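Below is one structure, written out as structure tokens; the observations come after it.
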Amino acid sequence: MISDARAKGKDANIKRDLASIRNQAALYQDSNGNFSTFALGSCPTAAGSMFYDSPEIRGLIVDVRKYVVLASDVKCSANNSSWAVSAKLQKSGTGYWCADANGASKEIPGPITSFSC
């Protein structure tokens, strides 16, 4: 297990990056008229959704993956009018941080299961 201080630092970075995704998603929607669609799963690594097509969001997801143990610990989901992202926190051991189109930015007990936290 990583040290307590390192885990806290990684969690702070996850929270910051997911908040930044919310801001970038709003800009994406302004430019494209919607959030695009992406079926619930590990965040994409190929074109076809806002999570990859927006270079800013893609970069933030790449950053978040640096702070989790497995790339699959970062989940994305979107439809045309809503989206959510979650990432496994390191300090809590079981919790996930979630951000969504509704303005949520909070810890949840497991990964996202829909388009909202």
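The values are calculated or read from the model by the stated rules, or taken from the named source; none is laboratory data. Keep in mind it's a predicted model, so treat the numbers as computed, not measured. Here the Cβ positions follow ideal geometry from the backbone for every residue, glycine too, while neighbour counts run over all protein chains shown.
In region 6-16, the residue that is nearest to residue 82 (Cα to Cα) out of those that are in contact with a helix residue (DSSP H, G or I) (Cβ under 9 Å, 6 or more places away or on another chain) and in contact (Cβ under 8 Å) with a residue 60 or more places away in the chain is 14. Just a yes or no: is a residue in region 24-36 surrounded by fewer than 14 Cβ atoms within 10 Å (Cβ to Cβ) and within 25 Å of residue 109 (Cβ to Cβ)? Within region 24-36, not a single residue is surrounded by fewer than 14 Cβ atoms within 10 Å (Cβ to Cβ) and within 25 Å of residue 109 (Cβ to Cβ). Reported count of residues in region 71-111, each being surrounded by 14 or more Cβ atoms within 10 Å (Cβ to Cβ), among the polar types (S, T, N, Q) and in a loop (DSSP other than H, G, I, E, B), is 1. From the list 43, 98, exactly one residue is of a type outside the set (Lys, Arg), under 11 Å from the mean Cα position of the chain (by Cα) and modelled with pLDDT under 95. Which is it? When all the criteria are applied, what remains is 43.
Condition check ((1) touching a Pro at 6+ places or on another chain (Cβ under 6 Å); (2) in a helix (DSSP H, G or I)) across all residues:
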{"residue": "7", "(1), (2)": "no, yes"}
{"residue": "12", "(1), (2)": "no, yes"}
{"residue": "26", "(1), (2)": "no, yes"}
{"residue": "45", "(1), (2)": "no, no"}
{"residue": "52", "(1), (2)": "yes, yes"}
{"residue": "62", "(1), (2)": "no, yes"}
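One residue alone among 42, 3, 54, 20 is among the hydroxyl-bearing types (Ser, Thr, Tyr), in contact (Cβ under 8 Å) with a residue 12 or more places away in the chain, more than 11 Å from residue 78 (Cα to Cα) and surrounded by fewer than 16 Cβ atoms within 10 Å (Cβ to Cβ), and that residue is 42.
May I ask you to say which residue of 29, 24 is closer than 18 Å to residue 115 by Cα, modelled with pLDDT of 95 or more and either touching an Asp or Glu at 6+ places or on another chain (Cβ under 6 Å) or among the aromatic types (Phe, Trp, Tyr) (or both)? Selected residue: 24, the only one of 29, 24 that is closer than 18 Å to residue 115 by Cα, modelled with pLDDT of 95 or more and either touching an Asp or Glu at 6+ places or on another chain (Cβ under 6 Å) or among the aromatic types (Phe, Trp, Tyr) (or both).
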